[in-house]
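Below: the structure, in structure tokens.
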Amino acid sequence: MKKLKKLILIFLIINFTALGIGSWLMKNGPQTDWYLNLNKAPWTPPGWVFGAAWTLIMICFSIYMSYLYKQIPTTTILGLFTFQFLLNVGWNFIFFNKHLILIGLICIILLTFLIGFFLTKYYPVLKQKSLLILPYFVWLIIATSLNAYIVINN
């Protein structure tokens, strides 16, 4: 149990660092004229939902990764986690900072497939604990649809 608590703390620090870096890289993206003037999907949630969602997602994902890494402590797991980190952080820079909405869409699609891979590949190992990654996967499906709408309608 002590090792699990330590892993959860480590993954929480890494995941919330990713959120911080992503936020820093997008600067004031959601408040910029560029973003405010985009034709956005009618189902785009209010801004506060993003913060609340990402907080819940990163708590659940940290616990999920801790259980997974405790069961399978391999460089493959850490490599996939690192790729997830880079895609997650990179999307903010690509979309909000560089305004490369199509490349952002490709990035978020890759991230969605990667989280879907975690969900399905490691379900036999984690069973019901795999539900911890479900909020991340569902949110990415919504975020992908929002990004796709922007690509199609702008």
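The values are calculated or read from the model by the stated rules, or taken from the named source; none is laboratory data. The structure presented is a predicted model; accordingly, all values stated were derived computationally and were not measured. Positions of Cβ are generated from backbone atoms using ideal geometry, with glycine treated the same way; all protein chains shown enter the neighbour counts.
Points to keep in mind about this one:
- The range 5-56, subset among the basic types (Lys, Arg) and touching a helix residue (DSSP H, G or I) at 6+ places or on another chain (Cβ under 8 Å), residue farthest from residue 88 (Cα to Cα): 40
- Condition met for residue 125 (surrounded by fewer than 18 Cβ atoms within 10 Å (Cβ to Cβ) and farther than 16 Å from residue 35 by Cβ): yes
- For the range 24-38, taking the residues that are within 18 Å of residue 146 (Cα to Cα) and in contact (Cβ under 8 Å) with a residue 24 or more places away in the chain, the one that is surrounded by the most Cβ atoms within 10 Å (Cβ to Cβ) is identified as 26.
- Members of the range 15-45 found to be farther than 17 Å from residue 154 by Cβ, modelled with pLDDT of 90 or more and part of a loop (DSSP other than H, G, I, E, B), listed by number: 45
- For the range 79-89, the condition holds for at least one residue, the condition being that it is surrounded by 15 or more Cβ atoms within 10 Å (Cβ to Cβ), in contact with a Cys (Cβ under 7 Å, 6 or more places away or on another chain) and farther than 17 Å from residue 132 by Cβ.
- Helices (runs of 4 or more DSSP H) wholly inside the range 52-154 containing at least 1 residues that are touching a residue at least 12 places away in the same chain (Cβ under 8 Å) and over 17 Å from the mean Cα position of the chain (by Cα): 101-121, 123-126, 134-153
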